[in-house]
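Reading through the C-alpha coordinates given below for one structure.
The values are calculated or read from the model by the stated rules, or taken from the named source; none is laboratory data. For clarity, every value in this text was computed on a predicted model and none was experimentally measured. In this analysis, Cβ positions are derived from the backbone assuming ideal geometry, glycine residues included, and neighbour counts consider all displayed protein chains. Quick note on the areas: whole protein, heavy atoms, side chains included, nothing else; ligands and nucleic acids left out. Shrake-Rupley method; radii C 1.70, N 1.55, O 1.52, S 1.80 Å.
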Amino acid sequence: MEADGFVRRRRMTAETTGTDPGVAGASAGAEVRWLGGRFWGVSESIVGSLTPRIGGETELETVDFIRSAQDAETEDSEPDYEGLPQGASTSTHMLAGAVAGIMEHCLMFPIDCVKTRMQSLQPDPAARYRNVMDALRRIVATEGVWRPMRGLNATAVGAGPAHALYFASYEKLKKTLSDVIHPGANSHLANGAAGCVATLLHDAAMNPAEVVKQRMQMYNSPYRGVLDCVRAIWQKEGPAAFYRSYTTQLTMNVPFQAIHFMTYEYLQELLNPHRQYNPSSHMLSGALAGAIAAAATTPLDVCKTLLNTQESIALSTPSSGHGPGQGQGAHRHISGLAHAFRTVYRLGGLQGFFKGVQARVIYQMPSTAISWSVYEFFKYGLTKHQHNKRRTQHMEAEK
(Lines give C-alpha, C1' and ligand atoms only; values in the text may rest on other atoms or scores of the structure.)
Protein backbone atom coordinates (compact mmCIF):
# COMPACT_ATOMS: atom_id res chain seq x y z
CA MET A 1 0.00 0.00 0.00
CA GLU A 2 1.10 3.60 -0.56
CA ALA A 3 0.83 4.48 3.11
CA ASP A 4 2.96 1.48 4.05
CA GLY A 5 5.57 2.57 1.51
CA PHE A 6 5.59 6.01 3.07
CA VAL A 7 6.33 4.55 6.50
CA ARG A 8 9.05 2.21 5.18
CA ARG A 9 10.67 5.09 3.36
CA ARG A 10 10.82 7.15 6.54
CA ARG A 11 12.45 4.26 8.39
CA MET A 12 15.03 3.63 5.65
CA THR A 13 15.92 7.33 5.60
CA ALA A 14 16.47 7.37 9.37
CA GLU A 15 18.69 4.27 9.19
CA THR A 16 20.92 5.64 6.45
CA THR A 17 21.29 9.07 8.03
CA GLY A 18 21.20 8.21 11.68
CA THR A 19 23.47 11.08 12.60
CA ASP A 20 20.84 13.63 11.55
CA PRO A 21 18.53 14.22 14.55
CA GLY A 22 15.95 15.95 12.36
CA VAL A 23 15.52 12.87 10.16
CA ALA A 24 15.43 10.66 13.22
CA GLY A 25 12.64 12.82 14.63
CA ALA A 26 10.67 12.41 11.41
CA SER A 27 11.12 8.65 11.62
CA ALA A 28 9.87 8.61 15.21
CA GLY A 29 6.64 10.21 14.08
CA ALA A 30 6.16 7.94 11.04
CA GLU A 31 3.45 5.81 12.60
CA VAL A 32 1.47 8.88 13.59
CA ARG A 33 1.88 10.32 10.09
CA TRP A 34 0.65 7.01 8.66
CA LEU A 35 -2.59 7.46 10.60
CA GLY A 36 -2.65 11.08 9.52
CA GLY A 37 -2.22 9.93 5.94
CA ARG A 38 -5.34 7.82 6.24
CA PHE A 39 -7.27 10.82 7.52
CA TRP A 40 -5.80 13.03 4.82
CA GLY A 41 -6.97 10.57 2.17
CA VAL A 42 -10.55 11.19 3.26
CA SER A 43 -10.22 14.98 3.26
CA GLU A 44 -7.93 15.38 0.23
CA SER A 45 -10.80 16.00 -2.16
CA ILE A 46 -11.89 18.95 -0.01
CA VAL A 47 -8.35 20.29 0.14
CA GLY A 48 -7.97 19.88 -3.59
CA SER A 49 -11.04 21.99 -4.21
CA LEU A 50 -9.67 24.73 -1.96
CA THR A 51 -6.16 24.76 -3.42
CA PRO A 52 -6.86 27.29 -6.21
CA ARG A 53 -7.81 29.87 -3.59
CA ILE A 54 -4.82 28.95 -1.46
CA GLY A 55 -2.12 29.07 -4.08
CA GLY A 56 -3.67 31.83 -6.16
CA GLU A 57 -3.78 29.56 -9.20
CA THR A 58 -6.79 29.13 -11.43
CA GLU A 59 -6.64 25.45 -12.11
CA LEU A 60 -4.86 22.78 -10.08
CA GLU A 61 -4.95 19.03 -10.21
CA THR A 62 -4.82 16.76 -7.16
CA VAL A 63 -1.34 15.45 -6.41
CA ASP A 64 -1.00 12.38 -4.22
CA PHE A 65 0.05 13.32 -0.70
CA ILE A 66 1.63 9.94 0.03
CA ARG A 67 3.92 8.37 -2.56
CA SER A 68 4.73 4.68 -2.92
CA ALA A 69 8.19 3.35 -2.16
CA GLN A 70 8.90 2.82 -5.88
CA ASP A 71 8.19 6.47 -6.71
CA ALA A 72 10.33 7.56 -3.80
CA GLU A 73 13.37 5.68 -5.14
CA THR A 74 13.36 7.68 -8.38
CA GLU A 75 12.72 11.12 -6.89
CA ASP A 76 14.66 13.49 -4.69
CA SER A 77 14.36 13.11 -0.94
CA GLU A 78 11.20 14.61 0.55
CA PRO A 79 11.61 18.26 1.70
CA ASP A 80 10.64 19.43 5.16
CA TYR A 81 7.57 21.66 5.19
CA GLU A 82 9.39 24.46 7.04
CA GLY A 83 11.88 24.63 4.17
CA LEU A 84 9.53 24.41 1.20
CA PRO A 85 9.89 27.11 -1.47
CA GLN A 86 7.97 30.27 -0.54
CA GLY A 87 6.85 28.61 2.70
CA ALA A 88 3.17 28.36 3.60
CA SER A 89 0.87 31.07 2.28
CA THR A 90 -1.33 33.25 4.47
CA SER A 91 -4.44 31.49 3.19
CA THR A 92 -2.88 28.14 4.15
CA HIS A 93 -2.34 29.42 7.69
CA MET A 94 -5.94 30.67 7.78
CA LEU A 95 -7.47 27.42 6.55
CA ALA A 96 -5.32 25.26 8.82
CA GLY A 97 -6.07 27.58 11.76
CA ALA A 98 -9.81 27.54 11.14
CA VAL A 99 -9.92 23.73 11.06
CA ALA A 100 -7.74 23.53 14.18
CA GLY A 101 -9.93 26.00 16.08
CA ILE A 102 -13.21 24.27 15.23
CA MET A 103 -11.86 20.83 16.13
CA GLU A 104 -10.28 22.09 19.35
CA HIS A 105 -13.46 23.71 20.65
CA CYS A 106 -15.84 20.99 19.48
CA LEU A 107 -13.85 18.07 20.92
CA MET A 108 -13.30 19.78 24.27
CA PHE A 109 -16.70 21.44 24.61
CA PRO A 110 -18.09 19.17 27.40
CA ILE A 111 -15.10 20.02 29.61
CA ASP A 112 -15.57 23.70 28.79
CA CYS A 113 -19.18 23.42 29.97
CA VAL A 114 -17.99 21.93 33.27
CA LYS A 115 -15.41 24.73 33.66
CA THR A 116 -18.11 27.38 33.26
CA ARG A 117 -20.33 25.67 35.83
CA MET A 118 -17.50 25.23 38.34
CA GLN A 119 -16.55 28.91 38.08
CA SER A 120 -20.00 29.91 39.36
CA LEU A 121 -19.53 32.04 42.49
CA GLN A 122 -22.77 31.02 44.22
CA PRO A 123 -23.91 27.81 42.45
CA ASP A 124 -27.30 26.24 42.92
CA PRO A 125 -27.15 23.29 45.38
CA ALA A 126 -27.91 20.98 42.46
CA ALA A 127 -24.92 22.38 40.56
CA ARG A 128 -22.21 21.90 43.18
CA TYR A 129 -19.65 19.41 41.87
CA ARG A 130 -16.70 17.68 43.51
CA ASN A 131 -14.57 17.42 40.37
CA VAL A 132 -14.75 17.32 36.58
CA MET A 133 -15.90 13.71 36.23
CA ASP A 134 -18.53 14.12 38.94
CA ALA A 135 -19.83 17.19 37.14
CA LEU A 136 -20.06 15.42 33.77
CA ARG A 137 -21.77 12.41 35.29
CA ARG A 138 -24.36 14.48 37.15
CA ILE A 139 -25.07 16.83 34.22
CA VAL A 140 -25.72 13.89 31.90
CA ALA A 141 -27.79 12.01 34.51
CA THR A 142 -30.00 14.93 35.54
CA GLU A 143 -30.14 17.15 32.45
CA GLY A 144 -29.67 14.77 29.53
CA VAL A 145 -26.81 13.41 27.48
CA TRP A 146 -26.71 16.40 25.13
CA ARG A 147 -26.72 19.07 27.86
CA PRO A 148 -22.89 19.41 28.02
CA MET A 149 -22.95 20.24 24.28
CA ARG A 150 -25.44 23.12 24.55
CA GLY A 151 -24.08 26.23 22.83
CA LEU A 152 -21.67 24.25 20.64
CA ASN A 153 -23.05 25.70 17.39
CA ALA A 154 -22.33 29.26 18.54
CA THR A 155 -18.76 28.29 19.40
CA ALA A 156 -18.18 26.52 16.10
CA VAL A 157 -19.39 29.55 14.14
CA GLY A 158 -17.07 31.88 16.06
CA ALA A 159 -14.04 29.58 16.31
CA GLY A 160 -13.46 29.24 12.55
CA PRO A 161 -12.85 32.90 11.63
CA ALA A 162 -11.32 33.67 15.04
CA HIS A 163 -8.61 31.01 14.74
CA ALA A 164 -8.03 31.77 11.06
CA LEU A 165 -7.10 35.35 12.02
CA TYR A 166 -5.24 34.09 15.07
CA PHE A 167 -2.80 31.72 13.35
CA ALA A 168 -2.37 33.76 10.17
CA SER A 169 -1.48 36.95 12.04
CA TYR A 170 0.77 35.03 14.46
CA GLU A 171 2.78 33.38 11.69
CA LYS A 172 3.16 36.61 9.73
CA LEU A 173 4.15 38.74 12.72
CA LYS A 174 6.43 36.09 14.19
CA LYS A 175 8.50 35.98 11.00
CA THR A 176 8.52 39.75 10.53
CA LEU A 177 9.50 40.53 14.13
CA SER A 178 12.05 37.71 14.31
CA ASP A 179 13.79 39.09 11.22
CA VAL A 180 14.01 42.48 12.93
CA ILE A 181 14.92 41.38 16.47
CA HIS A 182 17.06 38.32 15.79
CA PRO A 183 17.68 37.81 12.03
CA GLY A 184 18.00 34.20 10.97
CA ALA A 185 17.00 32.76 14.35
CA ASN A 186 14.03 32.26 16.63
CA SER A 187 13.18 35.15 18.99
CA HIS A 188 11.11 34.54 22.13
CA LEU A 189 10.30 38.23 22.32
CA ALA A 190 8.96 38.12 18.75
CA ASN A 191 6.90 35.00 19.57
CA GLY A 192 5.33 36.65 22.60
CA ALA A 193 4.62 39.93 20.81
CA ALA A 194 3.11 38.14 17.81
CA GLY A 195 0.90 36.10 20.14
CA CYS A 196 -0.35 39.26 21.85
CA VAL A 197 -1.33 40.94 18.58
CA ALA A 198 -2.95 37.74 17.29
CA THR A 199 -5.03 37.66 20.46
CA LEU A 200 -6.53 41.09 19.73
CA LEU A 201 -7.94 39.82 16.43
CA HIS A 202 -8.98 36.44 17.80
CA ASP A 203 -10.92 37.85 20.74
CA ALA A 204 -12.62 40.50 18.62
CA ALA A 205 -14.14 37.72 16.52
CA MET A 206 -14.70 35.23 19.36
CA ASN A 207 -16.06 37.35 22.22
CA PRO A 208 -19.74 37.44 21.14
CA ALA A 209 -19.71 33.65 20.69
CA GLU A 210 -18.16 33.28 24.17
CA VAL A 211 -20.95 35.34 25.74
CA VAL A 212 -23.69 33.26 24.10
CA LYS A 213 -21.91 29.98 24.81
CA GLN A 214 -21.39 30.64 28.51
CA ARG A 215 -24.93 31.88 29.06
CA MET A 216 -26.24 28.63 27.60
CA GLN A 217 -23.81 26.53 29.63
CA MET A 218 -24.98 27.84 33.01
CA TYR A 219 -27.23 25.73 35.22
CA ASN A 220 -30.95 26.40 34.56
CA SER A 221 -30.14 28.57 31.56
CA PRO A 222 -33.40 30.28 30.51
CA TYR A 223 -32.62 30.33 26.78
CA ARG A 224 -34.22 27.91 24.32
CA GLY A 225 -31.39 28.12 21.80
CA VAL A 226 -28.59 30.26 20.37
CA LEU A 227 -30.87 32.63 18.45
CA ASP A 228 -33.13 33.07 21.46
CA CYS A 229 -30.08 33.89 23.60
CA VAL A 230 -28.74 36.40 21.08
CA ARG A 231 -32.15 38.08 20.76
CA ALA A 232 -32.67 38.28 24.53
CA ILE A 233 -29.21 39.78 25.17
CA TRP A 234 -29.65 42.31 22.36
CA GLN A 235 -33.10 43.43 23.54
CA LYS A 236 -32.49 43.49 27.30
CA GLU A 237 -28.84 44.56 27.56
CA GLY A 238 -28.01 46.06 24.18
CA PRO A 239 -25.29 45.15 21.66
CA ALA A 240 -22.55 46.32 24.05
CA ALA A 241 -23.28 43.25 26.20
CA PHE A 242 -21.54 41.06 23.63
CA TYR A 243 -18.30 42.92 24.32
CA ARG A 244 -18.71 43.64 28.04
CA SER A 245 -15.94 41.16 28.86
CA TYR A 246 -13.68 42.08 25.91
CA THR A 247 -11.17 44.11 27.91
CA THR A 248 -11.10 41.42 30.60
CA GLN A 249 -10.74 38.77 27.90
CA LEU A 250 -7.76 40.65 26.50
CA THR A 251 -6.30 41.21 29.97
CA MET A 252 -6.45 37.44 30.45
CA ASN A 253 -5.60 36.24 26.95
CA VAL A 254 -2.69 38.58 26.23
CA PRO A 255 -0.55 37.11 29.06
CA PHE A 256 -2.06 33.67 28.40
CA GLN A 257 -1.05 33.69 24.73
CA ALA A 258 2.31 35.29 25.44
CA ILE A 259 3.13 32.49 27.92
CA HIS A 260 1.54 29.91 25.60
CA PHE A 261 3.46 30.82 22.45
CA MET A 262 6.78 31.44 24.18
CA THR A 263 6.53 28.09 26.00
CA TYR A 264 5.48 26.25 22.83
CA GLU A 265 8.31 27.70 20.74
CA TYR A 266 10.84 27.05 23.52
CA LEU A 267 9.74 23.40 23.81
CA GLN A 268 9.91 23.07 20.04
CA GLU A 269 13.53 24.21 20.18
CA LEU A 270 14.23 21.41 22.66
CA LEU A 271 12.09 18.62 21.19
CA ASN A 272 12.09 19.51 17.50
CA PRO A 273 15.14 21.73 16.80
CA HIS A 274 15.02 21.17 13.02
CA ARG A 275 11.36 22.22 12.96
CA GLN A 276 10.19 19.25 10.94
CA TYR A 277 6.65 17.92 10.95
CA ASN A 278 6.74 15.83 14.14
CA PRO A 279 3.25 15.17 15.58
CA SER A 280 4.46 13.92 18.95
CA SER A 281 6.52 17.05 19.60
CA HIS A 282 3.68 19.36 18.49
CA MET A 283 1.24 17.55 20.78
CA LEU A 284 3.50 17.49 23.85
CA SER A 285 4.65 21.10 23.42
CA GLY A 286 1.07 22.30 22.95
CA ALA A 287 -0.23 20.42 25.99
CA LEU A 288 2.47 21.70 28.36
CA ALA A 289 2.25 25.25 27.05
CA GLY A 290 -1.54 25.26 27.49
CA ALA A 291 -1.41 23.86 31.02
CA ILE A 292 1.16 26.41 32.25
CA ALA A 293 -0.65 29.36 30.68
CA ALA A 294 -4.07 28.18 31.92
CA ALA A 295 -3.00 27.81 35.55
CA ALA A 296 -1.34 31.24 35.57
CA THR A 297 -4.39 33.09 34.21
CA THR A 298 -7.26 31.35 36.05
CA PRO A 299 -8.18 34.37 38.25
CA LEU A 300 -8.78 36.47 35.16
CA ASP A 301 -10.82 33.67 33.57
CA VAL A 302 -13.10 33.59 36.63
CA CYS A 303 -13.72 37.33 36.24
CA LYS A 304 -14.36 36.91 32.51
CA THR A 305 -16.94 34.19 33.16
CA LEU A 306 -18.71 36.43 35.69
CA LEU A 307 -18.84 39.30 33.20
CA ASN A 308 -20.15 37.01 30.44
CA THR A 309 -22.80 35.21 32.46
CA GLN A 310 -23.87 38.12 34.72
CA GLU A 311 -24.62 35.44 37.32
CA SER A 312 -27.95 36.33 38.93
CA ILE A 313 -26.91 35.47 42.49
CA ALA A 314 -23.91 37.80 42.21
CA LEU A 315 -26.14 40.59 40.93
CA SER A 316 -28.77 40.13 43.64
CA THR A 317 -26.36 39.77 46.57
CA PRO A 318 -26.00 43.14 48.40
CA SER A 319 -22.55 44.60 48.13
CA SER A 320 -20.68 46.66 50.66
CA GLY A 321 -18.02 49.28 50.72
CA HIS A 322 -18.80 50.81 47.33
CA GLY A 323 -20.20 54.13 48.45
CA PRO A 324 -23.33 55.45 50.16
CA GLY A 325 -26.46 53.50 49.53
CA GLN A 326 -24.81 50.90 47.30
CA GLY A 327 -24.63 48.33 50.04
CA GLN A 328 -28.41 48.29 50.34
CA GLY A 329 -29.27 47.23 46.82
CA ALA A 330 -28.30 45.06 43.94
CA HIS A 331 -26.25 45.94 40.87
CA ARG A 332 -28.03 46.03 37.56
CA HIS A 333 -24.94 44.72 35.76
CA ILE A 334 -21.40 43.76 36.65
CA SER A 335 -19.26 45.89 34.37
CA GLY A 336 -15.52 46.17 34.10
CA LEU A 337 -12.61 44.16 35.40
CA ALA A 338 -12.32 46.07 38.70
CA HIS A 339 -16.00 45.51 39.51
CA ALA A 340 -15.66 41.80 38.64
CA PHE A 341 -12.58 41.45 40.88
CA ARG A 342 -14.40 43.07 43.82
CA THR A 343 -17.43 40.82 43.31
CA VAL A 344 -15.36 37.63 43.13
CA TYR A 345 -13.43 38.57 46.27
CA ARG A 346 -16.60 39.57 48.13
CA LEU A 347 -18.38 36.30 47.35
CA GLY A 348 -15.50 33.83 47.31
CA GLY A 349 -12.46 35.38 48.91
CA LEU A 350 -9.02 34.57 47.51
CA GLN A 351 -10.12 31.00 46.81
CA GLY A 352 -12.83 32.35 44.55
CA PHE A 353 -10.21 33.45 42.02
CA PHE A 354 -9.18 29.83 41.50
CA LYS A 355 -12.61 28.27 41.15
CA GLY A 356 -12.55 25.76 38.30
CA VAL A 357 -8.74 25.78 37.97
CA GLN A 358 -8.71 21.97 37.73
CA ALA A 359 -11.29 21.99 34.94
CA ARG A 360 -9.48 24.83 33.18
CA VAL A 361 -6.13 23.01 33.12
CA ILE A 362 -7.78 19.72 32.14
CA TYR A 363 -9.54 21.59 29.32
CA GLN A 364 -6.52 23.54 28.06
CA MET A 365 -3.98 20.70 27.98
CA PRO A 366 -5.73 18.52 25.38
CA SER A 367 -7.27 21.61 23.78
CA THR A 368 -3.95 23.23 22.89
CA ALA A 369 -2.46 19.82 22.01
CA ILE A 370 -5.32 19.22 19.55
CA SER A 371 -5.07 22.75 18.18
CA TRP A 372 -1.34 22.62 17.43
CA SER A 373 -1.42 19.04 16.13
CA VAL A 374 -4.28 19.71 13.72
CA TYR A 375 -2.83 23.06 12.67
CA GLU A 376 0.63 21.65 11.95
CA PHE A 377 -0.88 18.64 10.14
CA PHE A 378 -2.96 20.75 7.77
CA LYS A 379 -0.18 23.30 7.36
CA TYR A 380 2.16 20.47 6.37
CA GLY A 381 -0.34 18.84 4.03
CA LEU A 382 -1.50 22.00 2.30
CA THR A 383 2.03 23.35 1.85
CA LYS A 384 3.28 20.02 0.49
CA HIS A 385 0.30 19.85 -1.84
CA GLN A 386 1.16 23.25 -3.27
CA HIS A 387 4.85 22.38 -3.54
CA ASN A 388 4.13 19.15 -5.40
CA LYS A 389 1.88 20.97 -7.83
CA ARG A 390 4.49 23.65 -8.52
CA ARG A 391 7.13 20.97 -9.08
CA THR A 392 4.85 19.03 -11.44
CA GLN A 393 4.10 22.16 -13.45
CA HIS A 394 7.83 22.98 -13.60
CA MET A 395 8.67 19.49 -14.90
CA GLU A 396 5.93 19.71 -17.52
CA ALA A 397 7.21 23.11 -18.64
CA GLU A 398 10.71 21.69 -19.17
CA LYS A 399 9.48 18.90 -21.44
> Where the accessible area of the stretch 257-317 is counted over protein heavy atoms with a 1.4 Å probe, how much of it, in %, is carbon and sulfur?
Replying inline: 71 percent
> If packing is taken as the mean number of other Cβ atoms within 10 Å per residue, what is the order of 116-126, 162-172, 389-399, highest first?
Replying inline: 162-172, 116-126, 389-399
> Sorted by mean Cβ packing within 10 Å, highest first, what order do the peptides 371-383, 137-149 take?
Replying inline: 371-383, 137-149
> For the stretch 123-268, what does the alpha-carbon gyration tensor say about shape, rounded, prolate or oblate, given a ≥ b ≥ c as the root eigenvalues, a/c under 1.5 as rounded, and a/b over b/c as prolate?
Replying inline: prolate
> Can you flag which of Lys172/Lys389; Lys172/Lys399; Lys175/Lys384; Lys175/Lys399; Lys115/Lys172 are past 28 Å Cα-Cα?
Replying inline: Lys172/Lys399; Lys175/Lys399; Lys115/Lys172
>> Probe of 1.4 angstrom, ligands and nucleic acids ignored: what's the accessible area per residue over the stretch 121-216, in square angstrom?
In response: 44 Å²
>> Can you tell me the length gained on complete extension of the stretch Leu227 to Asp179, counting 0.36 nm per residue apart and subtracting the Cα distance?
In response: 12.7 nm
